[in-house]
Amino acid sequence: MLRIEGLHTYYGPGHILHGVDLHIPEAKIAAVLGRNGVGKTTTVRSIMGLAPPRAGHVWLANQDIAGWPPHLIARAGVAYVPEGRLIFPDLTVVENIRVAERTAARQWTLERLFQLFPALGERARNRGSELSGGEQQMLAVARALATDPKVMLLDEPSQGLAPLVVRELANVIGRLRDEGVTILLVEQNLKLAEAVADHVFVMVKGRTVYKAPLKTFQAEQNEVKARYLTL
Ligand SMILES: Nc1ncnc2c1ncn2[C@@H]1O[C@H](COP(=O)(O)OP(=O)(O)OP(=O)(O)O)[C@@H](O)[C@H]1O
Ligand SMILES: [Mg+2]
């Protein structure tokens with residue numbers, strides 16, 4: 001469903017991505033791991049068109065969306081939940097979701113979103129700023145779902161959340177996969193990554209240096225951690 005090949009991205013003169021390769025089959029979850037600053041966020045921003053790659057391919061099904069403007073990439077079926085969530089603090093829960101909706105006939109109606117996130121339904125009229133960190137994260141995911149995405153890019157959704165809330169988030173992410181959403185999950189939280197991922201990728205200095213199915217990663221994890229993940 002999503003295949004990234006040889007992605008090169010620059011910020012000004014800074015060459016940040018040096019050939020990132022990732023592949024996520026339809027309705028699967030890939031976790032992208034890596035130390036701070038290796039280019040995980042730049043990778044998702046490149047896929048989304050916010051940091052357009054200078055070389056490489058981003059195959060969404062049979063279409064190469066590399067270099068497309070972000071709104072067309074969104075329309076093609078990619079949704080992005082950025083690091084730090086970025087919900088609107090002064091809008092209510094419902095308003096935050098409504099700004100993302102495009103058409104009337106939708107897979108993820110408000111009703112279905114509130115079934116998936118009952119806590120948000122209870123707080124539908126509360127402002128974003130009145131939500132807990134976990135509720136804000138759920139709202140950011142709900143808002144992304146309101147665009148009916150085929151692919152969802154989640155950048156460190158567990159950041160700052162209590163373990164119990166991270167478990168809830170894992171349940172939600174797993175349910176989205178069961179609903180057919182293909183998910184790229186950037187995570188520092190290995191527990192969350194292991195709880196949901198089908199495939200694991202590790203990045204070092206703007207490159208993909210390791211990829212394996214979850215089972216293989218778990219068998220090799222001490223070695224992989226020592227080599228690529230611990231400081
Ligand atoms: N807007 C920007 N302008 C210039 N350089 C940037 C910009 N954003 C990120 N960088 C640089 O690009 C590199 C990769 O950053 P990126 O945010 O992609 O890393 P990351 O893997 O997401 O890190 P973290 O785990 O801390 O979120 C870093 O060296 C960073 O300083
Ligand atoms: Mg990041």
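Could you tell me which residue of the range 31-79 is nearest to residue 190 (Cα to Cα), considering only residues that are among the polar types (S, T, N, Q) and within 16 Å of ligand 2 (Cβ to nearest atom)? First the steps, then the outcome.
Quick first cut of the range 31-79, residues among the polar types (S, T, N, Q) only: 36, 41-43, 46, 62-63.
Filter again for within 16 Å of ligand 2 (Cβ to nearest atom), leaving 36, 41-43, 46.
Details: 36: 14, 41: 17, 42: 20, 43: 19, 46: 24 Å.
Per the stated criteria, the residue is 36.
Listed here are the residues, each with its yes/no results for (1) closer than 27 Å to residue 16 by Cα; (2) small (Gly, Ala, Ser); (3) surrounded by fewer than 18 Cβ atoms within 10 Å (Cβ to Cβ).
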residue: 138; (1), (2), (3): no, no, no
residue: 144; (1), (2), (3): yes, yes, no
residue: 190; (1), (2), (3): yes, no, yes
residue: 215; (1), (2), (3): no, no, yes
residue: 225; (1), (2), (3): yes, no, yes
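Looking at the range 10-35, which of the residues that are within 12 Å of ligand 1 (Cβ to nearest atom), of a type outside the set (Lys, Arg) and touching a residue at least 60 places away in the same chain (Cβ under 8 Å) is surrounded by the fewest Cβ atoms within 10 Å (Cβ to Cβ)? Looking at residues that are within 12 Å of ligand 1 (Cβ to nearest atom), of a type outside the set (Lys, Arg) and touching a residue at least 60 places away in the same chain (Cβ under 8 Å), I get 15. Condition (residue is within 22 Å of residue 99 (Cα to Cα), within 15 Å of ligand 1 (Cβ to nearest atom) and modelled with pLDDT of 95 or more) applied to the range 156-171: is it met by at least one residue? Among the residues of the range 156-171, at least one is within 22 Å of residue 99 (Cα to Cα), within 15 Å of ligand 1 (Cβ to nearest atom) and modelled with pLDDT of 95 or more, which makes the answer yes. If the condition is being more than 16 Å from residue 5 (Cα to Cα) and not acidic (Asp, Glu), then the range 22-50 contributes 27, 28, 29, 31, 33, 34, 35, 36, 37, 38, 41, 50. Would you check if residue 111 is out of contact with any helix residue (DSSP H, G or I) (no Cβ under 6 Å at 6 or more places or on another chain), closer than 20 Å to residue 168 by Cα and at pLDDT below 95? Yes: the conditions hold for residue 111. Taking the numbered list (1) away from ligand 1 (no atom under 16 Å from the Cβ); (2) among the aliphatic types (A, V, I, L, M); (3) surrounded by 20 or more Cβ atoms within 10 Å (Cβ to Cβ) in turn, residue 91 passes all entries but (3). Counting only residues that are away from ligand 2 (no atom under 16 Å from the Cβ) and either more than 14 Å from the chain's Cα centre (by Cα) or farther than 29 Å from residue 58 by Cα (or both), the range 148-160 holds 1 of them. The C-beta contact set for the range 107-135 (first residue surrounded by 13 or more Cβ atoms within 10 Å (Cβ to Cβ), second residue among the aromatic types (Phe, Trp, Tyr) and in a helix (DSSP H, G or I), distance under 7 angstrom, 6+ apart or interchain) comprises 120/114; 121/114.
The values are calculated or read from the model by the stated rules, or taken from the named source; none is laboratory data. No experiment lies behind these values; they were computed from the predicted model shown. All Cβ positions, glycine included, derive from the backbone under ideal geometry; neighbour counts span all protein chains shown.
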